[in-house]
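The values are calculated or read from the model by the stated rules, or taken from the named source; none is laboratory data. Everything numeric in this text was worked out from a predicted model, so none of it was measured. Cβ sites come from the backbone with ideal geometry, for glycine too, and all protein chains shown count toward neighbours. Accessible surface areas use protein heavy atoms only, side chains included; no ligands, DNA or RNA. Shrake-Rupley method; radii C 1.70, N 1.55, O 1.52, S 1.80 Å.
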Amino acid sequence: MTVAARLRAPGWYRAMLSVPLGIGFAFALVVPLRALSHYKPVVDGDAITTVALISTPLAFLIGIGCFDYWFRWASGAPTVPEDHSGHGARSWRDYFRVNTDHKVIGIQYIVTTFVFFIAGGIMAMLMRAELAAPGEQFVDSNTFNGLFSVHASLMIFLFIIPVFAGIANYVLPLMIGAPDMAFPRLNALSFWMLPMAGILMLASFFAPGGAFNTGWTSYAPLSVDMPLGQTFFNVAVQFAGASSVATALNFLVTIVTMRAPGMTFWRMPLLVWANFTTSLLVVIATPFIAGSQFMVLLDRALHTDFFNAANGGDVIMYQHVFWFYSHPAVYIMMLPGFGIISEVISTNARKPIFGYRMMAFSLMAIVILGFTVWAHHMFVSGMFPWLRVPMMITTMLIAVPTGIKIFSWLATLWRGVIHLRTPMLFALGFITMFTLGGISGVMLAVIPVDIHVSDTYFVVAHIHYVLFGGSVFTIFAGIYHWFPKMTGRMYDETLGKVHFWLSFVFFNLTFGPMHLVGIDGMPRRVADYAQHFAFWNAFISVSSFFFGMSLLVFLYNIVTSWRHGPKAVANPWRAHTLEWQVSSPPPIFNFDEVPTVVGGPYEYGVPGAVHGVFKEKPAVKEPAVAAD
């Protein structure tokens, strides 16, 4: 293929050409507008960069080929016949282009999010190195603020939320007997928006004044007055949010309209229920954080007054809008993990899930109650005092459906034939860590306790017990559980168990003591601290380095097993759900025969029980040919 042909065709050549065009577009748009408006200086770097942060990622997405089909349709050009050349992975190169196969997109999601997970983890190690002793060791306060802000934003927006989308992308259509997602091209676009968001967040370190340093909450009016790096965050959240909403809409339509024959809602695996409810949360809640960041961006770029109290703006409004998304976001980061744990525990305990319907109802209850608790993050913000008590009550109430799940998993384990494989160890570790995080969450719901420990390391400990001991342990459980299905290879069980025990022990040694220093008054988000906190901080830092090294065991196991691990059979865990009834990895279009669901997904120990059966596609009769 000639250079000119490569530049015309979608792909990396055209994408690399599109990037400078996106920057040039920003320059060509901003400079004439500033000249016509008599703004000084006419060439303003901050203004050009703000527009370029939007135009350049869009130009890359156009260049890589995310919009080609829609542009042809919108222009009225003849439809290109679908030859499925953009579907499926026949070599490693297919993972580096726009692909419409949900299985390829799922692996693209997982690998990309782990890249950002490693980047965020390195930042955490730098922070703990700085905090190993009082005083300034390696970075100044401004850089430290940038480190914890980008660390938190990467972990939330670029790892936990999208890695669950990646696992579900791979597994969910197989679980419901669908050949693909409902909107394959939208699915591809939703993935490619994700690295754009992550690159913008990381690139903020190179902005004048350093990375955005207002935390992942980005509270106004502080975020309105920050240097240019803050704009990188405002725009990156829009791309991450758009990716999340597009994926959620795709999941909802897929689950509602593409289930196999016989797959009623009460025969769906709980992972499907979990992603159905999560997608409802995403679609309802994500526009609120998009709105909050748009308002900050407009205050910064166009000098509007959404959060300028001197001109009638409302500072507290930012927190209400932000937390109306961001507390449901905690459940966006938890509900898919609940589904994973249900699959892993039932399979490895060889028992039906106890209280299956109540588990599904509790997921829906969390969706509803999740929108009633946001203001417990604002007990010390200056909000109306009368609003505190009802928010305290609803925050305690939401522990009920979560408690139902904990007791259902424990009842499923009771007298089960338990196989302590690596996924099961992470599932049991999750139950322990998440329960501890939930207990500290109930403590934080109590107004006097919350006021006492607000902005201390007690809050840091709580959120990590919930989101690492909770969410990330479920992510590891899911990856180990479906690794044979995704790769066709078996992982090393011994290394998997080493990874679990290193993670479990050093996680607790890292974040457990933070409860103590938090109650004692050590503030979070600071690069220095009082001398009497020195011992525990040194202990926490040393533990965190060992905790960080546990990830190296995981990465080594996954990479070497993917390349050289033993071949996996179709159903190594003897599970009942549909994804285990096809080869590992599955065929490009998932099922060679049409599955029909005839029973529940967890009927372990029930003689003759089957979740799904396969019937041959009806043969197409050849037309009769008249004899000569």
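Once each part is reduced to its C-alpha centroid, what is the distance from the range 329-381 to the range 287-310 in angstrom?
Centre-to-centre (Cα) distance: 33 Å.
With a bin width of 10 angstrom, please list the P(r) values of the chain as percents of all Cα-Cα pairs, from the 0 bin to the one holding the largest distance.
All Cα pairs, binned at 10 Å, distribute as 3, 15, 26, 26, 18, 9, 2, 1, 0, 0, 0 percent.
Taking θ = phi - 60°, what integer Hz values does the Karplus form 6.51 cos²θ - 1.76 cosθ + 1.60 yield along the range 160-165, in sequence order, with x for Gly and Pro?
4, 4, x, 5, 5, 4
So what are the ³J(HN,Hα) numbers for the range 518-527, from phi and the Karplus equation (6.51, -1.76, 1.60; θ = phi - 60°), rounded to whole Hz, Gly and Pro as x?
Here the 3J(HN,Hα) series is x, 4, 6, x, 6, x, 8, 6, 10, 8 Hz.
Using the heavy atoms of the protein chains alone and a 1.4 angstrom probe, what is the accessible area of the chain per residue in square angstrom?
Details: 26250 Å² over 628 residues.
Value for the chain: 42 Å² per residue.
Only four residue types carry charge here, +1 at the Cβ of Lys and Arg and -1 at the Cβ of Asp and Glu. Report the dipole size of the chain about the Cα centre in Debye, rounded to the nearest 20.
So the magnitude is around 1180 debye.
Could you please state, rounded to a whole Å, how far the C-alpha centre of the range 62-93 is from the C-alpha centre of the range 503-578?
41 Å
Excluding A274 itself, what net charge comes from residues whose Cβ is under 11 Å from its Cβ, given Lys and Arg +1 and Asp and Glu -1?
Local net charge: 0.
What does the C-alpha gyration tensor say about the overall shape of the range 437-594? Classify as rounded when a/c is under 1.5, otherwise prolate if a/b is larger than b/c, or oblate.
Taking the square roots of the gyration eigenvalues as a ≥ b ≥ c, the range 437-594 is prolate.
Restrict the search to the range 1-104; then list the chymotrypsin sites (Phe, Trp or Tyr not before Pro) that DSSP places in a loop and that have at most 16 other Cβ atoms within 10 Å of their Cβ.
Y39
Per the 1.4 Å probe, what fraction of the accessible area of the range 95-144, in percent, lies on carbon and sulfur atoms?
Carbon and sulfur: 71 percent of the exposed surface of the range 95-144.
Take the Cα radius of gyration of the range 146-205 and divide it by 2.2 N^0.38 Å, with N its residue count; two decimals is plenty.
1.37
GluC sites (Glu not before Pro), restricted to the range 61-152: which are DSSP loop and have at most 16 other Cβ atoms within 10 Å?
Passing both the DSSP loop test and the Cβ count: E82, E136.
Restricting to DSSP loop positions (anything but H, G, I, E, B) with no more than 13 other Cβ atoms inside 10 Å of their own Cβ, which GluC sites (Glu not before Pro) remain in the range 553-616? Can you show the working numbers first?
On the way: sites: E579, E593, E603, E616; in loops: E593, E603, E616.
Those that pass, being in a loop and sparsely packed, are E593, E616.
Over the range 107-256, what is the relative contact order in percent, taking alpha-carbon pairs closer than 8 angstrom and at least six residues apart? It would help to have the intermediate numbers written out before the result.
Numbers: 192 pairs, mean separation 43.0, N = 150.
The value is 29 percent.
Between A15, Y69, A4, whose Cα lies farthest towards the positive end of the dipole of the range 3-75 when Lys and Arg beta carbons carry +1 and Asp and Glu beta carbons carry -1, centred on the Cα centre?
A4
Could you work out what % of the accessible surface of the range 1-72 is carbon and sulfur, using a 1.4 angstrom probe and leaving DNA, RNA and ligands out of the count?
Taking all protein chains in place, the range 1-72 shows 74 percent carbon and sulfur surface.
Among the listed pairs K351/K405; K405/K485; K351/K615; K497/K567, give every one whose C-alpha distance is greater than 22 Å.
From K351/K405; K405/K485; K351/K615; K497/K567, over 22 Å: K405/K485; K351/K615.
Could you size up the charge dipole of the range 100-284 around its Cα centre, putting +1 on the beta carbon of Lys and Arg and -1 on that of Asp and Glu, and report it in debye to the nearest 20?
Computed about the Cα centre, the dipole is about 660 debye.
Please list, ordered by chain and number, the residues whose modelled amide H lies under 5 Å from the amide H of T596; skip anything fewer than 5 residues away on the same chain.
HN-HN under 5 Å from T596: V613, F614, K615.
Below 8 Å between Cα atoms, with a sequence gap of 6+, how large is the relative contact order for the chain in percent?
For the chain, the relative contact order is 14 percent.
Within the accessible area of the range 216-343, what % is carbon and sulfur when the probe is 1.4 Å and the other protein chains stay in place?
With neighbouring chains kept in place, the figure for the range 216-343 is 71 percent.
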